[in-house]
1. Looking at the range 26-37, I want the residues that are free of Cβ contacts under 8 Å to residues at least 24 places away in the same chain and within 11 Å of Leu15 (Cβ to Cβ) and have a partner that is surrounded by 12 or more Cβ atoms within 10 Å (Cβ to Cβ) and polar (S, T, N, Q) with Cβ atoms under 8 Å, at least 6 apart or on another chain. Which pairs are those?
2. Among residues belonging to the chain that are part of a loop (DSSP other than H, G, I, E, B) and of a type in the set (Gly, Ala, Ser), point out the one that is modelled with the highest pLDDT.
Amino acid sequence: MAECENSHVFIRDQLPYGGAVNIRGQIVWRITKEEHDAMKARVLSLFEEDE
């Protein structure tokens with residue numbers, strides 16, 4: 001069980017902005033800081049229009 005917990009922390013550290021892993025724990029895709037910032041800016045701009 002300790003191995004699973006350690007690998008979970010390792011994966012989370014490798015994907016700080018999100019992404020996906022396969023059943024073997026290999027990274028399939030990841031979101032970069034730039035992509036994260038662009039998505040966040042887009043979402044925030046949607047809420048600014050309502051005000």
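The values are calculated or read from the model by the stated rules, or taken from the named source; none is laboratory data. What you see is a predicted model, and the numbers here were worked out from it, not measured in a lab. Neighbour counts are summed over all protein chains in view; Cβ atoms, including those assigned to glycine, are modelled from backbone coordinates with ideal geometry.
1. So the pair list comes out as Ile27/Gln14; Arg30/Gln14.
2. Only one residue fits best here, namely Gly18.
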